[in-house]
Amino acid sequence: MSHYHAVVWLDHSEAHVMHISREDVEKSVIHTAKPHAHLHSKSGTVGSGRSAESKSYYHAVAESLKGAQEILVVGPAQAKLQLIKHLHAHHPAMAELVVGIETVDHPTDGQLIAYARKYFIAKDALLS
């Protein structure tokens, strides 16, 4: 079945990708290869206090979004913006399919699907 819309909710440890049609939803969950650790830096030490982002994680998320014609990217923090940067650098055609970036805390899968459907209906109504 073809799915026109996709929504991805992600943070630094996992991504929930859902391809949505009017009648159906295909779900997948991608986990980072390593658990996300909270790093703390001390004044006068070298480094940013941030762990390096996993390119393989963002590649896997991009791979799971293939086939979608419109993509909504949501999440609670910076991971959604890092995904966008990754798409622009490594998957520019897919980056052009991103129609929205929204801050959303930690919804259930059902809440995420409802949010995405409402978002895409409103977006499509604006274009009519």
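The values are calculated or read from the model by the stated rules, or taken from the named source; none is laboratory data. If you're wondering where the values come from, they're calculated on a predicted model, not measured in any experiment. Please note: Cβ atoms are built from the backbone with ideal geometry, for glycine as well, and neighbour counts cover all protein chains shown.
Odds and ends about this structure:
- Being out of contact with any strand residue (DSSP E or B) (no Cβ under 8 Å at 6 or more places or on another chain), surrounded by 11 or more Cβ atoms within 10 Å (Cβ to Cβ), at pLDDT 95 or above and of a type outside the set (Ser, Thr, Tyr) is a condition met by at least one residue of the stretch 50-62.
- Search result, residues across the stretch 78-102 that are exposed (fewer than 14 other Cβ atoms within 10 Å of the Cβ), modelled with pLDDT of 95 or more and outside any helix (DSSP H, G or I): GLU96
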